[in-house]
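Notes follow once the structure below has been shown.
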Protein chains: 2
Amino acid sequence: MANTPSPIRETDDDARALARRLLAEARFGALGVRDPRNGAPHVTRIAVAQAPDGRPLTLISALSSHTAALRADPVCSLLLGEPGARGDPLTHPRITLGCRAAFTEHGTDAYSKLREHYLRCHPKAQLYIGFSDFCFATLRVGSADLNGGFGKAYALTPADLGLRS
Amino acid sequence: MANTPSPIRETDDDARALARRLLAEARFGALGVRDPRNGAPHVTRIAVAQAPDGRPLTLISALSSHTAALRADPVCSLLLGEPGARGDPLTHPRITLGCRAAFTEHGTDAYSKLREHYLRCHPKAQLYIGFSDFCFATLRVGSADLNGGFGKAYALTPADLGLRS
C-alpha cells in the first residue's frame, strides 16, 4: 500500500457545510460501543437531536445494552446521514463521529433543561422521557470522518463542525 | 439492577420472521469495527446483500477504514433495518448482528461467482466491482439482537435466522 495515494481530501468549506448539515438534520443514528463482556463492537440505533451546544444528544434507557456499555466505557462512534430508498447507498453522504459520552441523570435540573430542548426535536419521546430508567447522553466529538460519496473522504476536526472538542 | 426484570422476550415465530425479513430486505447497514490504532468502536455505512448461503455479504474497498480494521480484527457488528422519515425512529424494527468477517479476494473464482450474485442486488456496483482494491466480506453471524420497537427485544440464534453459525 506504500504507493497508494491517501484517499483523504483537503478540507474545504463545502466539506464543513456538508458535515454541519448532517449533524443538524440527524434524527437518528447508528451508535457503536464496546460490549463490556468481551470488547467486541456493538451497533444499535439511537434517536439523536443536537444539544444547545451543538453536540449530538441522545435519550437512552438503562434497559438498553448500549447504555450499560457506555457506563462501562464512554468511548463510542456515531454514524449520521441516511441514504434514500433508491440508488447506490454508498453515494449518499454520511459522517462518522468519534465520541465520548457524558451523562445527564434523570431528576437533575440539567435533565429538566435538556428535556424541553429534546422534546422540540422528538415530540413523541413525551411517552417515555419521564421514565426513571432514561438518561441523556451528550456525545463529545473528538474526530469526524466525512464521506460525501465515492472519492469524497475528509478528516474533519471538532472546530470544522462548529464544536468544542 | 438486581430487581429489574429482563427486557428480553421469549423467541417466537413472529420474532424469527421479522428478523429474517430484516436480513433479506437490507440493502445497506451500519458496520461497527474496532479501530486498529486504539481499539475504539468505529461505525461506517456498507452496502449489503444476502449471500447465497443467507449470510450478509458486502463489497468493500481497501481504501476504506473498515476494510483495514476487519483485516486486523474480523470481529464486527452489523445494524440492519432502517426507519422511515416520519415518526419516532425507535419504533421501527432493527437487528444487531454479532459477526466475524471472512474475505473473498479479487481475482479468484469465488469472487467471480459472488460478483454475479451481488450485481443482481446492487446493479450500480458494476461501476467499481472490477476495481482491484475491492473484495467481498461475508459476515458469519454468531448472535442477533432483535429490537422490534419498545418492549420488543429478543436474543436470537443463527438458527433462528436460518443461518449456520
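Below, the figures for the structure above:
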quantity	calculated
Scope region B:142-159; condition small (Gly, Ala, Ser) and crowded, with 18+ Cβ neighbours inside 10 Å; matching residues	B:Ala144, B:Gly148, B:Ala153
Subset of region A:1-55 (residues that are within 8 Å of another protein chain (Cβ to nearest Cβ), without any contact (Cβ under 8 Å) to a residue 60 or more places away in the chain and more than 27 Å from A:Ala137 (Cα to Cα))	A:Met1, A:Thr4
Failed item, numbered, when A:Ala85 is tested on (1) of a type in the set (A, V, I, L, M, F, W, C); (2) more than 9 Å from chain B (Cβ to nearest Cβ); (3) more than 17 Å from B:Asp35 (Cβ to Cβ)	(2)
Search result, residues across region B:45-73 that are open to solvent by less than 20 Å² (accessible area, probe 1.4 Å) and in a strand (DSSP E or B)	B:Arg45, B:Ile46, B:Ala47, B:Ala49, B:Pro56, B:Leu57, B:Thr58, B:Leu59, B:Ile60, B:Ser61
Given (1) open to solvent by 10 Å² or more (accessible area, probe 1.4 Å); (2) out of contact with any Asp or Glu (no Cβ under 9 Å at 6 or more places or on another chain); (3) within 22 Å of B:Asp133 (Cβ to Cβ), number of the condition B:Cys76 does not satisfy	(1)
Which listed residue, of B:Leu79, B:Leu63, is within 14 Å of chain A (Cβ to nearest Cβ), at pLDDT below 95 and under 30 Å from A:Gly142 (Cβ atoms)	B:Leu63
Considering residues of region A:152-163 that are in contact with a strand residue (DSSP E or B) (Cβ under 8 Å, 6 or more places away or on another chain) and part of a loop (DSSP other than H, G, I, E, B) only, the residue farthest from A:Leu59 (Cα to Cα)	A:Lys152
Scan of region B:88-105 for residues that are within 8 Å of chain A (Cβ to nearest Cβ) and of a type in the set (D, E, K, R), ordered by number	B:Asp88, B:Arg94
Residues (outside any strand (DSSP E or B), touching a Phe, Trp or Tyr at 6+ places or on another chain (Cβ under 9 Å) and small (Gly, Ala, Ser)) located in region B:88-138	B:Ala110, B:Ala125
Residue in region A:114-141 that is surrounded by the fewest Cβ atoms within 10 Å (Cβ to Cβ), counting only those that are of a type outside the set (Val, Ile, Thr), more than 13 Å from chain B (Cβ to nearest Cβ) and in contact with a strand residue (DSSP E or B) (Cβ under 9 Å, 6 or more places away or on another chain)	A:Arg120
Residues of region B:1-44 satisfying the condition of being surrounded by 13 or more Cβ atoms within 10 Å (Cβ to Cβ) and in a loop (DSSP other than H, G, I, E, B)	B:Pro7, B:Thr11, B:Ala26, B:Arg27, B:Asp35, B:Pro36, B:Gly39, B:Ala40
Residue selected from region A:98-113 under the condition surrounded by 19 or more Cβ atoms within 10 Å (Cβ to Cβ) and touching a Gly at 6+ places or on another chain (Cβ under 8 Å), by the criterion farthest from A:Phe150 (Cα to Cα)	A:Cys99
Yes/no for B:Val33 being within 11 Å of the chain's Cα centre (by Cα) and either of a type in the set (Val, Ile, Thr) or more than 26 Å from B:Lys124 (Cα to Cα) (or both)	no
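The values are calculated or read from the model by the stated rules, or taken from the named source; none is laboratory data. As the structure is a prediction and not an experimental result, all values here were calculated from the model. All Cβ positions, glycine included, derive from the backbone under ideal geometry; neighbour counts span all protein chains shown. Just so you know, the surface numbers come from the protein's heavy atoms only, side chains and all, with ligands and any DNA or RNA stripped out. Shrake-Rupley method; radii C 1.70, N 1.55, O 1.52, S 1.80 Å.
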